[in-house]
Amino acid sequence: MKSLIWTILLSSSVFANVYVVETTRELSKTELQSLNKIDGVSNAKRFLPFGDGYLDRLYEVEATKASLKALEGHKLVKLVEADHSVELFEIKSNDKTIMDADDMLYPFQWGLRNQGQVTSAQMPNGGPEEVQGRDGQDIDWAESIGSIEANLKKAPVVAVIDMGIDFDHPELKDQIYKNDVECDNGTPQTGTMEDRDKNGLRGDCYGGNFASTSYMYDAHPFDDTGHGTHVSGIIAAKRNNKLGISGVSDKIKILPIKVTGKVDESDERNKLKYRAASRRIAKGIFYAVHRNVDVINLSLGWPKTMNTRYLDMAIKHAVKNNVLVVAAAGNNNTNASIFPCAYREVMCVGSIDIDGKVSRFSNYGAEVDILAPGDQIASTVPTSFIPLKLNIQGYDIMSGTSQAAPFVSAAAALIKGVYPRMHINEVQRRLLDSSLERPDDFKSMHGAVQLGKALKLKAAPSVKPVFKQMSEAVFDSRTGKFRQFVLNLKNFGKTSGEVVIALESVTDGIEIEKKEFKLKPMKPGQVGSIPVTGIVTNKLAPNMFKFKVSVQTEGMAQREYTHQVTLAQDLYAIEDKEVFPIEFKDRTHSLISFRREFSEKEENKRNTDDRPTHSNLRTVETVRGVADPSFYLTFRSDKTQYKVFFFQMRDGRLVEAQKELVLNDTHEVLSVQQMDFNYDGTMDFLIKSVASDEDRNVYIQYRYLDQNLNPLHPNLPVISMAYDRSTPDETPQTTKYVKTELSNGKYLATPVYINKGPVPEVDQVDDPWSPKDKSFLRRVYWLSVDEENATFNYRTFMNRNFGESVRNQFKKTVAPAISVDDTGIELIALKQQSDQDFQNGIVRAVFSFGLGFQRTVVEGEFDGEELSFNHLDYIGAQLVGNAIHPLKDIKHGDRGDSFVGFLTSSTLNISHQYEGEEKTYVYRLDTPYDRLMSFIASFDKGDRTYVFLETIDDILLLTGKNGQWKESRQNTTKFSFLPGKVMSDIFYPVLIKNSGELNPAIYMDTTSLSGNRIYTMAALDGELVSPASLSVNLPTTCGYEDRYCGEYRKDNHYGTLYCAPMNPYENEDGSYSYMAVCKKRGDYEIVKLNISL
């Protein structure tokens, strides 16, 4: 046995941190000084100067990582624990602040007047970062607001479509745009409310609540999150009332429209209502136009795959009625298309920091029209809320493009207030052409909004490229040439002269064939277009194509813009592919679906199951054993019945099995897996589903089937397991199996898994003097077969006696200062099950035994009946809290386990374990504004180690050799606007061919969030590359926004062809291929794309 410890250059062992130390007793001064004498330890002192008992034994020290082992080994030290930081925010005002308003928080409102204030925030990975403000990096408000308000011809109205408003807030209660006919003496109706204006909302005096589940609340857009109130305060909070803040103008009125809010997890109806928001946003837009507002503010958004026609039409309805729609760009540091910003008619707003730079969180790119202050903005929140960052009730600091958008909405509203009949094209021109210089030419079309300059701007032509919905270029891999790719240009100003356009590629390996164009003079609002004829000249050219566009016309200085689009191959032009036609025995083809229609019912469903919009024809999961890919299709024939159809490869075709399965009383099919479940050398199927009986008891059902879809054991056609809180969230990847002998002498692979739960009655210790073990802990469970009742029953060996048996066996490994009775046993993980262990029915679990950092790694070996332990003395890593991942040595083909432990959000330990061998690694992320989000995969290849990690915005590749890491990154697309979890593109570790070898890579699927393509990020010479040659466009069903659809929207570019991705397929040599299911002119087929670098 051997142990290889790899300490890297940037190891956190050289940095001193504060630790809390518990000792065996109170220390004398001499004993306390003995801690300071340990190399790397300093400043040892009592934790608190007062207290007794436990506090007498508690101390704090400064120590490096390298000194911890010696500290833990001190004879008087019992436990060492880390100190964890918390997040703080602050804005410091300038000592020479000019008070343009008497509102007490005005000195902190740098967005109105930047007076060199300083913002301070805790970085995700590091200490606080202070940013010094710069004069002029604001909205040009202080010197201009007085004259603008003096020239208003009307009180402009901004509809804030958001999460409601605190309509009793002293800064906002007089700012609400009321519907007087629905009010009683200026206040909302009480009791039985009437719909006096016949608009379908009863008593909408203060606006509308489209997130309401009862008509009683339809007229009350109350804010239960604070977001809508914060946005509204930025626009129109009362000025000079000696309270809190100044809005951009208190002459603006706010129409609050609630479309989402806090999710009530206990109420399923409300949960659906709040999370499924798109239809309510559309209703809110139509309602706002109906109420004759001037501007609509949308500090929210949705990804491309959730876009709908009715939302598009709602935006167009607003534009048709001369209502400007302003939207936030999003806070995920990506240039992927996010709606509504991606609509051509919408003005998209990114965020700047106090120093004028684009905020790190802000989405960017040429779909961002303009910038505005968005970092650490002070504004109003409901007065009932407890502020998180200010000590003044009713006010708080928030950051995001949600805070930037209302500055632009307010500026647009004031222009409409001064010029009520002005067309929104001219409003946009004034805002865009008067803005500051861009801080980064690539990150936005224009710089920060300038209110005063916008009002003074003179008429002029203003021809600009429109990059929105121009997000992907498709090329023919045989010729390298782009498919149809058009750039639109629009004149926002007065009639232009001849327009001269020049194009330039700034991406290596991609050229533009025709670079210069001329367009005839353009009238106000006119749109022209030119083709972009590109060609890919290098196989390793990146799959992101960046190019510049310069535009010049008489009366307008030359302007230059930069845009970036994704680049993908035309699916059917790829030569190295295999096509497998699908043969159906009846009308099964009619059950295949490719994309959900976004009806209200389906939208609610989408938001509860969070499944991507892929086809319902799926790959059967194969965890162990080599087999041709099999496929299955599930179809819900009624509320409690599913049909499952199987397809298998035969002579280059995918043929439907003669038999179909009917699952009665079934609510969902969870998984279909292929493996040798009866140990006879042939592949079998396992179908796992959720079912219920007539008494509404819920069960998990297991169906073990042979290749002919007959039960493996006729007396056990279905094995049921009662569903309770111990029921695991098991998947084919996390489940292991023991070999269970049945009464007929045959065998069945039965599941073993980890879950948090109680000790089953049958496994309680049989001791009348001991109470029952009622603990609810993380345990190893296996499922025991009750053949008579055809059920699975929970079993565990981790009962009250388990800990004692481990302590007795390994007590000699405990340090002298620690009592064995104080030691704990921690379950770490189930190890990957080798083919030999599966055949023998052996499952291996890893446990950690000891106290604090002094622990021993123990392996439990279980065969369904007997449990034995081994001391894994070659493992030196601390595995408590670690997650386990599969590990592969690419060069030798060995499989092992990778244990990963996050010490902090920036530091992790990795332990690669093969049979009898451990390699340990430490990595620290030194980028202060980033943090590690998750571990994806690791591979060994000769003397190199490859580790893939997910950070806030990127996929990070670490290539390790000779004790040092090399870093390389590629950006990923994430989405997080409305309440709920962060969504991201789907990714999966794979291996791809490269000149006869295999390279580690990450397969990326964008089709559930941001696009129509699949691609791969691959490790190549220490760099993480995403070449266009590994990027493939999947034709989608023709939607209203599809540029390649035919005249009647029935056919796309290929004819009636659309495809959905399937799981990547692992070939016999370990490499992976892309898989997709396609419909082509009424026929269906599986397309396998063989990819390589």
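The values are calculated or read from the model by the stated rules, or taken from the named source; none is laboratory data. Quick caveat, the model's predicted, so the values are computed rather than measured. Cβ placement follows ideal geometry from the backbone for every residue including glycine, while neighbour counts extend to all protein chains displayed.
If LEU783 satisfies all but one of (1) in contact (Cβ under 8 Å) with a residue 12 or more places away in the chain; (2) buried (at least 16 other Cβ atoms within 10 Å of the Cβ); (3) not in a strand (DSSP E or B); (4) not aromatic (Phe, Trp, Tyr), what's the number of the condition it fails? Failed condition: (3). Within the stretch 280-287, can one find any residue that is buried (at least 19 other Cβ atoms within 10 Å of the Cβ) and at pLDDT below 85? Taking every residue of the stretch 280-287 in turn, at least one turns out to be buried (at least 19 other Cβ atoms within 10 Å of the Cβ) and at pLDDT below 85.
Taking ALA314, is it without any contact (Cβ under 8 Å) to a residue 40 or more places away in the chain and within 26 Å of the chain's Cα centre (by Cα)? No; evaluated as a whole, the condition is false for this residue. Can you find a residue in the stretch 444-466 that is part of a strand (DSSP E or B), of a type in the set (A, V, I, L, M, F, W, C), surrounded by fewer than 23 Cβ atoms within 10 Å (Cβ to Cβ) and outside the structural domain of ILE252 (by TED's automatic domain parsing)? Within the stretch 444-466 (the criterion being part of a strand (DSSP E or B), of a type in the set (A, V, I, L, M, F, W, C), surrounded by fewer than 23 Cβ atoms within 10 Å (Cβ to Cβ) and outside the structural domain of ILE252 (by TED's automatic domain parsing)), the answer is yes, since at least one residue qualifies. Here the condition is being touching a His at 6+ places or on another chain (Cβ under 6 Å), under 30 Å from SER1071 (Cβ atoms) and not charged (D, E, K, R); of SER898, SER938, SER911, it holds for SER898 alone. Considering the stretch 728-777, and only residues there that are among the small types (Gly, Ala, Ser) and closer than 24 Å to HIS713 by Cα, the residue that is surrounded by the most Cβ atoms within 10 Å (Cβ to Cβ) turns out to be ALA749. Going by the structure shown, is THR920 of a type outside the set (A, V, I, L, M, F, W, C) and either at pLDDT 90 or above or part of a loop (DSSP other than H, G, I, E, B) (or both)? When the stated conditions are applied, THR920 does not pass them. Filter the stretch 107-156 down to residues that are of a type in the set (A, V, I, L, M) and within 26 Å of ASN292 (Cα to Cα) and give me whichever is surrounded by the fewest Cβ atoms within 10 Å (Cβ to Cβ). My answer is ALA150. Among the conditions (1) part of a strand (DSSP E or B); (2) surrounded by fewer than 19 Cβ atoms within 10 Å (Cβ to Cβ); (3) more than 36 Å from the chain's Cα centre (by Cα), VAL551 misses just one, which is (2).
Among the residues of the stretch 849-860, the ones that are modelled with pLDDT of 85 or more and touching a helix residue (DSSP H, G or I) at 6+ places or on another chain (Cβ under 9 Å) come to 2 in all. Of all the criteria given as (1) touching a residue at least 12 places away in the same chain (Cβ under 8 Å); (2) more than 25 Å from ALA657 (Cβ to Cβ); (3) among the acidic types (Asp, Glu), the one not satisfied by ASP676 is (2).
Under the condition of being farther than 20 Å from ALA657 by Cα, assigned to a strand (DSSP E or B) and of a type outside the set (Gly, Ala, Ser), the residues counted in the stretch 703-725 number 2. Among the criteria (1) over 36 Å from the mean Cα position of the chain (by Cα); (2) among the hydroxyl-bearing types (Ser, Thr, Tyr); (3) assigned to a loop (DSSP other than H, G, I, E, B), the one SER147 does not fulfil is (3).
Residues that are modelled with pLDDT under 95, of a type in the set (Ser, Thr, Tyr) and not in a loop (DSSP other than H, G, I, E, B) within the stretch 969-1006 comprise SER984, TYR988, listed in sequence order. Summed over the stretch 106-134, residues that are in a loop (DSSP other than H, G, I, E, B) and either at pLDDT below 90 or basic (Lys, Arg) (or both) total 11.
Restricted to the stretch 360-377, and to residues there that are of a type in the set (A, V, I, L, M, F, W, C) and assigned to a loop (DSSP other than H, G, I, E, B), the residue that is surrounded by the fewest Cβ atoms within 10 Å (Cβ to Cβ) is PHE361.
Filtered by the rule that a residue be more than 32 Å from the chain's Cα centre (by Cα) and assigned to a helix (DSSP H, G or I), the stretch 399-427 gives ALA411, ALA412, ALA413, LEU414, ILE415, LYS416, GLY417, VAL418, ILE424, ASN425, GLU426, VAL427. Of all residues in the stretch 837-866, which are crowded, with 19+ Cβ neighbours inside 10 Å, closer than 26 Å to LEU903 by Cβ, aromatic (Phe, Trp, Tyr) and out of contact with any Gly (no Cβ under 7 Å at 6 or more places or on another chain)? Result: PHE849, single match. ALA327 falls short on exactly one of the conditions (1) assigned to a loop (DSSP other than H, G, I, E, B); (2) in contact with a Gly (Cβ under 8 Å, 6 or more places away or on another chain), and that condition is (1).
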